[in-house]
1. If residue 348 passes every condition in (1) without any contact (Cβ under 8 Å) to a residue 12 or more places away in the chain; (2) at positive phi but one, which one does it miss?
2. What number of residues within region 182-196 satisfy the criterion of being modelled with pLDDT under 65 and surrounded by 11 or more Cβ atoms within 10 Å (Cβ to Cβ)?
3. Residue 135 fails exactly one of the following numbered conditions: (1) surrounded by fewer than 15 Cβ atoms within 10 Å (Cβ to Cβ); (2) over 21 Å from the mean Cα position of the chain (by Cα); (3) part of a loop (DSSP other than H, G, I, E, B). What is the number of that condition?
4. Select from region 239-275 the residues that are closer than 20 Å to residue 313 by Cα and touching a strand residue (DSSP E or B) at 6+ places or on another chain (Cβ under 8 Å) and list them in ascending order.
5. Filter region 359-388 down to the residues that are closer than 14 Å to residue 139 by Cα and assigned to a loop (DSSP other than H, G, I, E, B) and list them by number.
6. Looking at region 372-384, which of its residues are surrounded by fewer than 23 Cβ atoms within 10 Å (Cβ to Cβ) and free of Cβ contacts under 8 Å to residues at least 40 places away in the same chain?
7. Please enumerate the residues belonging to region 65-80 that are surrounded by 13 or more Cβ atoms within 10 Å (Cβ to Cβ), in contact with a strand residue (DSSP E or B) (Cβ under 8 Å, 6 or more places away or on another chain) and over 18 Å from residue 278 (Cα atoms).
8. Which residue, of 149, 60, 114, 66, is at positive phi and part of a loop (DSSP other than H, G, I, E, B)?
């Protein structure tokens, strides 16, 4: 282990931020947060094909009831074919009504392994499945390299694959509010060790970012303790992320676990509903915390793959293929289901079990990045080699 690796490991928070090639964003304050739902969430229980009779035949115990004003556990209508899970009534539905939330069904990757780990890697690398993989090149690292004014951060305990490669990116375990593992005296000794070294500036910047993040997170935690209701789980973490991205960072990544629902998944209520409620409150809290910056912010919620359309024998769902991606933000052209679609019928299932993938996630994101940052075709090819952008006019 060389000195830079040792220092990076000791900090628990990478070193410096990114210097890249071009900046051509329509708005200089544009922000992007990618929320990765690890475990493959059941998209058909979130954006629900309530216009499909086959959905109700395939899910005898897991189907969310068709919209009904008299049933609080019934689906919430979005259009004639699709509805939203009732756990998102107070959080995501208002964003939809304001035109600040869009959903892209039948989205996903060309990875057919149905392996959590392999497909998560596929998503984070943004490379073509089946080709030679470069595990030191994540798509958000490549994006950061294209933006000279981007300030990236990973809200994770360890550096995620999506940010590997290129310049060092700080990573912050957002659920931890304890004092950093290196105290001020140790930080001064390490900085002195690097004095006169080419990495001295990066070392100083790494400690500065670490301390600034700690102060922001701990101050927010103390505010919540002053008689206020303490938000929990992802809701609390997302509010911290909102504050940090409002004040310091413009390109963020966070992952949320707990979506592998093989057993007792639930329908309008139950395990999945509880997870969705937490996620929705977190995303709504993020939007509130980022304040006026919400107008220039885009949040993309994705997962490695969807789940089987039919329920299994344990009242759950198994590993699938196509999913539904969420795109949220003050400047999003929302209130609509975007991208190519087919009816949710047995004949349209992929391999007679899953949603098909009609929109490659790299093409979806490339089209979104082109609009958000004004990236040209050459830049987009560097971020997502081998695919062209799909312009769904999401922003």
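The values are calculated or read from the model by the stated rules, or taken from the named source; none is laboratory data. Computed from a prediction, not measured in an experiment: that's the story for all the values here. No Cβ is skipped: glycine too gets one built from the backbone with ideal geometry, and neighbour counts run over all protein chains shown.
1. (2)
2. 2
3. Result: residue 135 fails condition (2) only.
4. Listed by number, the residues that qualify are 259, 261.
5. Within region 359-388, 384, 385, 386, 387 qualify.
6. Matches in region 372-384: 377, 378, 381.
7. Answer for region 65-80, where residues must be surrounded by 13 or more Cβ atoms within 10 Å (Cβ to Cβ), in contact with a strand residue (DSSP E or B) (Cβ under 8 Å, 6 or more places away or on another chain) and over 18 Å from residue 278 (Cα atoms): 66, 67, 77, 78.
8. 114
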